[in-house]
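Student: Starting off with a structure, shown below.
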Amino acid sequence: NNNVVIQGVWLAKRSATKSHHPNYWDTTVAGGQPHNLSLYDNIVKEAHEEAGVPAEWMRNDASNKAFSDHTHDPLTMMTAKKDGSCMKRSFYYSFDLQVPEDWQPTPVDGEVQEFKLYSIEELDHELRF
């Protein structure tokens, strides 16, 4: 929707108990892709588990202008451990969701310790410096 003004981006601080990157800031919702769920069903599940997003907000049809599915264009990355072992290719799929201005994500499953709404200016500064 070209008429939307983005006020900010919610980021999630990973739980201190996470085995990978504890206490690091991350996307609002993320998760591995199980073999028995579609990408869409998985993002609905993860959005609820990690941030308390109501499933009805994630409705993937033409009438829902708040939800954008970008799975047709995944980001692909090769990663490995520092010693070069365990090389793998990962696919990152993106969905966007416009939320009500007064809504705040709520950690549900313990994988996130807190959320913070970054203004575009704050996010730009954090990424550059």
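Student: Tell me the strands (runs of 3 or more DSSP E) entirely within region 52-109 that contain at least 3 residues that are not hydroxyl-bearing (S, T, Y).
Tutor: Working: elements: 67-69, 75-79, 88-92, 95-97.
Qualifying strands (runs of 3 or more DSSP E): 75-79, 88-92, 95-97.
Student: Could you list, ordered by first residue, the pairs with Cβ atoms under 8 Å in which the first is in region 66-82 and modelled with pLDDT of 85 or more and the second is surrounded by fewer than 10 Cβ atoms within 10 Å (Cβ to Cβ) and assigned to a loop (DSSP other than H, G, I, E, B), at least 6 apart or interchain?
Tutor: Going by the 8 Å Cβ cut-off, the qualifying pairs are M78/M87; T79/M87; A80/C86; A80/M87.
Student: Which count do you get for residues in region 92-129 that are of a type in the set (F, W, Y), within 22 Å of M77 (Cβ to Cβ) and free of Cβ contacts under 8 Å to residues at least 40 places away in the same chain? Break it down stepwise before answering.
Tutor: Quick first cut of region 92-129, residues of a type in the set (F, W, Y) only: 92-93, 95, 103, 115, 118, 129.
Still in the list and also within 22 Å of M77 (Cβ to Cβ): 92-93, 95.
Still in the list and also free of Cβ contacts under 8 Å to residues at least 40 places away in the same chain: 92.
So the count comes out to 1.
Student: Quick check on my filter: what residues within region 47-64 are within 23 Å of K116 (Cβ to Cβ) and open to solvent by 20 Å² or more (accessible area, probe 1.4 Å)? Explain how you work it out, then say what you get.
Tutor: First, pick out the residues of region 47-64 that are within 23 Å of K116 (Cβ to Cβ): 47-54, 57-58.
Answer for region 47-64, where residues must be within 23 Å of K116 (Cβ to Cβ) and open to solvent by 20 Å² or more (accessible area, probe 1.4 Å): H48, E49, G52, P54, W57.
Student: Let me ask something additional. Can you pull out every residue in region 71-87 that is among the charged types (D, E, K, R) and either open to solvent by less than 80 Å² (accessible area, probe 1.4 Å) or under 21 Å from the mean Cα position of the chain (by Cα) (or both)? First the steps, then the outcome.
Tutor: Here is the first cut: in region 71-87, the residues among the charged types (D, E, K, R) are 73, 81-83.
Selection gives D73 alone.
Student: Could you pull out the residue among S15, S19, S68 that is open to solvent by 70 Å² or more (accessible area, probe 1.4 Å) and of a type in the set (S, T, N, Q)? Please lay out each step first, then the result.
Tutor: Details: S15 fails: open to solvent by 70 Å² or more (accessible area, probe 1.4 Å); S68 fails: open to solvent by 70 Å² or more (accessible area, probe 1.4 Å).
Result: S19 is the single residue among S15, S19, S68 that is open to solvent by 70 Å² or more (accessible area, probe 1.4 Å) and of a type in the set (S, T, N, Q).
Student: A follow-up question, please. Checking the structure you have, find out if any residue of region 109-118 is open to solvent by 60 Å² or more (accessible area, probe 1.4 Å) and at pLDDT below 90.
Tutor: no
Student: If you don't mind, there's one more thing I want to ask. So the check is Cβ under 6 Å with 6+ separation or different chains; which pairs have a first residue in region 1-26 that's among the basic types (K, R) and a second one that's at pLDDT 80 or above?
Tutor: Correct list of pairs: K13/W25; K13/Q113; K13/E114; R14/H21; R14/P22; R14/Y24; R14/D26.
Student: Right, here's the next one. Tell me, yes or no, whether region 21-35 has at least one residue that is assigned to a loop (DSSP other than H, G, I, E, B), small (G, A, S) and either touching a strand residue (DSSP E or B) at 6+ places or on another chain (Cβ under 6 Å) or farther than 24 Å from E114 by Cα (or both). Please lay out each step first, then the result.
Tutor: Taking region 21-35 and keeping what is assigned to a loop (DSSP other than H, G, I, E, B), we get 21-24, 28-35.
Filter again for small (G, A, S), leaving 30-32.
Narrowing further to those that are either touching a strand residue (DSSP E or B) at 6+ places or on another chain (Cβ under 6 Å) or farther than 24 Å from E114 by Cα (or both): none.
Looking through region 21-35, none of the residues is assigned to a loop (DSSP other than H, G, I, E, B), small (G, A, S) and either touching a strand residue (DSSP E or B) at 6+ places or on another chain (Cβ under 6 Å) or farther than 24 Å from E114 by Cα (or both).
Student: Next question, about the same structure. Across region 1-20, what is the number of residues that are at pLDDT 90 or above, in contact with a strand residue (DSSP E or B) (Cβ under 6 Å, 6 or more places away or on another chain) and assigned to a loop (DSSP other than H, G, I, E, B)?
Tutor: Number satisfying all stated conditions: 1.
Student: Test L39 against the stated conditions and say whether it is farther than 21 Å from G110 by Cβ, touching a residue at least 40 places away in the same chain (Cβ under 8 Å) and either out of contact with any strand residue (DSSP E or B) (no Cβ under 9 Å at 6 or more places or on another chain) or surrounded by 10 or more Cβ atoms within 10 Å (Cβ to Cβ) (or both). Walk me through it before giving the result.
Tutor: Values: farther than 21 Å from G110 by Cβ: yes; touching a residue at least 40 places away in the same chain (Cβ under 8 Å): yes; either out of contact with any strand residue (DSSP E or B) (no Cβ under 9 Å at 6 or more places or on another chain) or surrounded by 10 or more Cβ atoms within 10 Å (Cβ to Cβ) (or both): yes.
Against the criterion (farther than 21 Å from G110 by Cβ, touching a residue at least 40 places away in the same chain (Cβ under 8 Å) and either out of contact with any strand residue (DSSP E or B) (no Cβ under 9 Å at 6 or more places or on another chain) or surrounded by 10 or more Cβ atoms within 10 Å (Cβ to Cβ) (or both)), L39 qualifies.
Student: Do the conditions hold for I43, that is, is it in a helix (DSSP H, G or I), closer than 28 Å to E122 by Cα and aliphatic (A, V, I, L, M)?
Tutor: Working: in a helix (DSSP H, G or I): yes; closer than 28 Å to E122 by Cα: yes; aliphatic (A, V, I, L, M): yes.
Yes.
The values are calculated or read from the model by the stated rules, or taken from the named source; none is laboratory data. These numbers were taken from a predicted model, which means no experiment stands behind them. No Cβ is skipped: glycine too gets one built from the backbone with ideal geometry, and neighbour counts run over all protein chains shown. Note: areas computed on protein heavy atoms with side chains; ligands, DNA, RNA excluded. Shrake-Rupley method; radii C 1.70, N 1.55, O 1.52, S 1.80 Å.
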